[in-house]
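Enquirer: Okay, here's the structure, questions in a sec.
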Amino acid sequence: MKELLRSTDMTVIAFAQALLRGEDIDCFEMDVNMSVLEGGIGIFPRRLMVHPDNYDAAVRVLHDNEIPLGI
């Protein structure tokens, strides 16, 4: 898996996942449970991972929708 997106904004992650799924690009969200350790204040970014073969297409989808990658 290759890191595509890093953000502390859960809505950006959810929107990016929806866009990628709409293009049949599988993705996986990492660091979801970090909020337990941080007390739910959102200081640790979540990461969205994609297969390396899909990385370039996924970057294009996010750039086309003006989503900053944050990496």
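Where a number appears in this text, it was derived from the coordinates with a stated rule and is not lab data. Predicted model, so just to flag it, every value in this text is computed and none were measured. Positions of Cβ are backbone-derived with ideal geometry, glycine not excepted, and every protein chain shown enters the neighbour counts.
Enquirer: Tell me what the chain gives for mean residue ellipticity at 222 nm when only DSSP H runs of n ≥ 4 count, each as -39,500 (n - 2.57), the sum divided by the residue total, rounded to 500 deg cm²/dmol. Walk me through the intermediate numbers first.
Expert: Numbers: 3 runs with 28 residues, N = 71.
Value at 222 nm, helices only, nearest 500: -11500 deg cm²/dmol.
Enquirer: A further question follows. Could you give the angle, 0 to 90 degrees to the nearest 10, between helix 10-22's Cα long axis and the longest principal axis of the Cα atoms of the chain?
Expert: Compared with the principal axis, the helix lies near 30 degrees.
Enquirer: Pairing the Cα long axis of helix 55-64 with the longest principal axis of the chain, what angle in degrees results, from 0 to 90 and rounded to the nearest 10?
Expert: Here the helix axis deviates by roughly 80 degrees.
Enquirer: Now, a different point. Which distance in nm do the two modelled labels at V59 and T11 give, with both placed 7 Å along the Cα-to-Cβ direction?
Expert: It is 2.8 nm.
Enquirer: Then there's this: Test of understanding: in a Gaussian network model of the chain with alpha carbons linked when under 10 Å, which of V50, V32, V59 would top the mean-square fluctuation ranking?
Expert: V32
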